[in-house]
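**Q** Quick one: the structure is below, and I'll ask about it shortly.
The values are calculated or read from the model by the stated rules, or taken from the named source; none is laboratory data. No experiment lies behind these values; they were computed from the predicted model shown. Here the Cβ positions follow ideal geometry from the backbone for every residue, glycine too, while neighbour counts run over all protein chains shown. The protein model used for the area step is the full one, side chains on, heavy atoms only, and it has no ligands, DNA or RNA in it. Shrake-Rupley method; radii C 1.70, N 1.55, O 1.52, S 1.80 Å.
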Amino acid sequence: MIVEQLRITGQEEIAPRIYRMTLKGDSVQTMTEPGQFVHVKVSDGIDPLLRRPISICDVSQDKQELTIIYRAEGRGTRLLAAKKTDDTLDVLGPLGQGFPLDSLQKGSTALLVGGGVGIPPLYYLAKKLVKRGVNVRTILGFRQSEDIFLEKEFRELGDIVVTTEDGSKGVHGFVTDAMNQADKSYDSFFTCGPVPMLRAVKAAAASDGFISLEERMGCGVGACLACVCEASDASSQEGKKYRKICSDGPVFRAGEVVI
Amino acid sequence: MINMNRELPGLSMKNPVMPASGCFGFGQEYARFYDLNKLGAITVKAVTAEERAGNPVPRVAETESGMLNAIGLQNPGLEHVLQHELPWLEQYDIPVIVNVAGNTMEDYIYVSETVSRVKNVSALELNISCPNVKVGGIQFGSDPAIAAELTKKVKAVSQVPVYVKLSPNVTDIVEMAKAVEEAGADGLSMINTLLGMKIDINTGKPVIANRTGGLSGPAIKPVAVRMIYQVSQAVDIPIIGMGGIHTADDILEFLMAGASAVAIGTANFVNPFACPELISSLETRMAELGIDDVESIVGRSWKTCSSVSLSSR
């Protein structure tokens, strides 16, 4: 776990306000676990002050390259979007606990459900699962057709259904509408997106699974207790009543935390 | 040779830099980044008699060159700290300061007495300035008579020196400082966060679930410097200065204002290596400026020339 100035090797807007950035550096070789995140300093000075947690979307060990996809929403991410190829970026990471892969054996089936900017970490997961010989089915939810990204990339890895809230492409409705219509024979689900979606996905799921949470963070390393969530009664981690999203998560077994 | 050593009540420090309470957990997270023995001392997160769950999220919000937090003194409680956190720190050869908080005077007295008997605890820091809890905390830090009474009672039971952490959210911080000094405090730490708020204009509601939070970071530095400047001239006990320190020059500024040592808070979140990097850059800056002893610049901003040992290059 280190802080490194990574070199930006590319940046493009792949959907309205959605940016894909690639970065190169030594610390990329430690980014082997899907679902982890990097904590990014978007300015050199003290304003904006805090780092931004951004999930790891893909890693190429051959090219020593990290891919992140983020939405330029606030001041920090807009500054990030203004960065150019060959600029450097102060990156702390990888941080957090990612998606566990060993729960799925070769030949089993995983359902991946992502919504909006919750989709990127599922891509690295999908690649890792496919490499293990796990069948990957993906449901990606967007507001409208022009917001769609990563569809082609996921299609190369397995079956995919896209949903749009306005019905402009794919299934009309939410990801859970697609879940209810589709084959329910999967062994585990993995989901990332807004909390109401996570709740609905967990309720609609036909198996156990894993959810990835996001929260406003301070340190990103488990010290400041800014990003905690309540642990559910049934789960025990030395009897602790809470989990730190940055360091115990962001991925949790569905049911481990109250969402 | 630059002398970075500091001798404060209960604290024999090889440099003047320590992490601030609440910004460093109990040390374990940052021990993964560097050897904690590099620190002058360590101040651990506030300990209360019982486990505290803290406030709902969101607990932090970024502001201009600063941040608001309302963690709400979440901590695993005295028993857990005694059994797990403090023993873990025994492997390090640095002074340990335990920040103590509570709802009632009895809570403070009980926790203080118990913690002060732990062999690797060097000093206590009385948290009478947390702005983010409904009872306790700031209640004891806004009335000089109550702060003095609490200090006196804790001093009567503590086996180690007691530092009182002052709130900037008072009309007259000098009066508070003098009151706790007279009550027997061995030192002061200041400042805690400034009470603030941020509103999300899309929802029209405060960003932080607790509505208000404590402002920290570089934004509050001038307030801290001013208060340390005023208080250090009015009391004879040492001050651990804090409030937005981000660079070695900031540390020099705090020392010159009158602090005898400094604590680093929010900067740890921005850069996990903040403390060790500040320690080494402080030494570099002192060499560049021809300062050969930290002690020589403490209070330089207000001491008369004859009482300041000016070194020449």
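**Q** Counting only the heavy atoms of the protein chains, how much of A:Tyr242 is accessible to a 1.4 Å probe, in Å² to the nearest 10?
**A** Counting only protein heavy atoms, the figure is 40 Å².
**Q** For A:Asp183 and A:Gln5, what is the calculated FRET efficiency with R₀ set at 35 Å and r taken between the beta-carbons, to the nearest 0.05?
**A** According to the calculation, E is roughly 0.15.
**Q** Let me confirm one metric for peptide B:261-267, namely the mean number of other chain beta-carbon atoms within 10 Å of its residues' beta-carbons. Numbers along the way, then the final one.
**A** Values: counts 0, 0, 0, 0, 1, 6, 2.
Average per residue, whole number: 1.
**Q** I'm a student and want to see the number: the projected area of the Cα convex hull of the range B:136-226, averaged over all directions, in nm².
**A** Directional mean of the projected Cα hull area for the range B:136-226 stands at 7.1 nm².
**Q** How large is Rg/Rh for the range B:134-285, to two decimals, with Cα atoms and a Kirkwood Rh? Intermediate results must be reported in sequence, preceding the final value.
**A** Details: Rg = 16.6 Å, Rh = 16.5 Å.
Reported Rg/Rh, Kirkwood definition of Rh: 1.01.
**Q** Residue by residue through the range B:260-276, what is 3J(HN,Hα) from phi via Karplus (6.51 cos²θ - 1.76 cosθ + 1.60, θ = phi - 60°)? Round to whole Hz and write x for glycine and proline.
**A** Couplings: 8, 7, 9, 10, 10, x, 3, 4, 4, 6, 6, 9, x, 8, 3, 4, x Hz.
**Q** Heavy atoms only, probe 1.4 Å: what % of the accessible area of the protein assembly as shown goes to carbon and sulfur, would you let me know?
**A** 48 percent
**Q** In vacuo Debye scattering of the range A:38-96, one point per C-alpha: log10 I(q)/I(0) at q = 0.12, 0.29 Å⁻¹?
**A** Reported log10 I(q)/I(0), two decimals: -0.29, -1.47.
**Q** Sticking with this one: For B:Thr43, what residues show an amide H to amide H distance below 5 Å, using hydrogens built from the backbone and excluding near sequence neighbours?
**A** When sequence neighbours closer than 5 places are left aside, the close amide H contacts are B:Ile97.
**Q** When the Karplus curve 6.51 cos²θ - 1.76 cosθ + 1.60 is applied with θ = phi - 60°, which whole-Hz ³J(HN,Hα) does each residue of the range B:233-244 get, with x for Gly and Pro?
**A** 3J(HN,Hα) across the range B:233-244, in whole Hz: 7, 9, 10, 10, 9, x, 10, 8, x, 7, x, x.
**Q** Of all alpha-carbon pairs in chain B, indicate the percentage at a distance above 32 angstrom.
**A** 21 percent
**Q** Ok, one more. Where does the Debye-calculated log10 I(q)/I(0) of chain A sit at q = 0.10, 0.17 Å⁻¹, using only Cα point scatterers of equal weight, no solvent?
**A** Debye curve over Cα of chain A, log10 I(q)/I(0) at q = 0.10, 0.17 Å⁻¹: -0.47, -1.40.
**Q** Rg and Dmax of the range B:185-272, Cα atoms, in Å?
**A** Looking at the range B:185-272, its Cα Rg and Dmax stand at 15.0, 50 Å.
**Q** Farthest toward the dipole's positive end in chain B, which of B:Thr304, B:Asn5, B:Phe273, given Cβ charges of +1 (Lys, Arg) and -1 (Asp, Glu) about the Cα centre?
**A** B:Phe273
**Q** Antiparallel as a % of all DSSP beta bridges within the range B:45-137, to the nearest 5?
**A** 50 percent
**Q** Under a straight-distance cross-link criterion of Cα-Cα below 16 Å, which lysines are reachable from A:Lys84, leaving out those fewer than 8 residues away in the same chain?
**A** Cross-link targets: A:Lys24, A:Lys41.
**Q** Could you size up the charge dipole of the protein assembly as shown around its Cα centre, putting +1 on the beta carbon of Lys and Arg and -1 on that of Asp and Glu, and report it in debye to the nearest 20?
**A** Numbers: 56 positive and 67 negative charges, 147 e Å.
Once rounded to the nearest 20, the dipole reads 700 debye.
**Q** Pick out, from B:Ala148, B:Ile264, B:Ser216, the residue whose Cα sits farthest towards the positive end of the charge dipole of the protein assembly as shown, with +1 on the Cβ of Lys and Arg and -1 on the Cβ of Asp and Glu.
**A** B:Ser216
**Q** When the Karplus curve 6.51 cos²θ - 1.76 cosθ + 1.60 is applied with θ = phi - 60°, which whole-Hz ³J(HN,Hα) does each residue of the range B:31-48 get, with x for Gly and Pro?
**A** Going residue by residue, I get 5, 6, 9, 7, 6, 5, 5, 5, 6, x, 6, 9, 10, 8, 5, 3, 10, 10 Hz, with x marking Gly and Pro.
**Q** Turning to a different aspect of this structure: Cross-link partners among lysines for B:Lys155, C-alpha distance below 22 Å, same-chain residues fewer than 8 apart left out?
**A** B:Lys45, B:Lys119, B:Lys165, B:Lys178
**Q** Rounded to the nearest 5, what is the percent of antiparallel bridges among the DSSP beta bridges in chain A?
**A** Among the beta bridges of chain A, antiparallel pairing accounts for roughly 60 percent.
**Q** What Kirkwood Rh does the protein assembly as shown have if only Cα atoms enter the pairwise 1/r average? Answer in Å.
**A** For the protein assembly as shown, the Kirkwood estimate is 25.1 Å.
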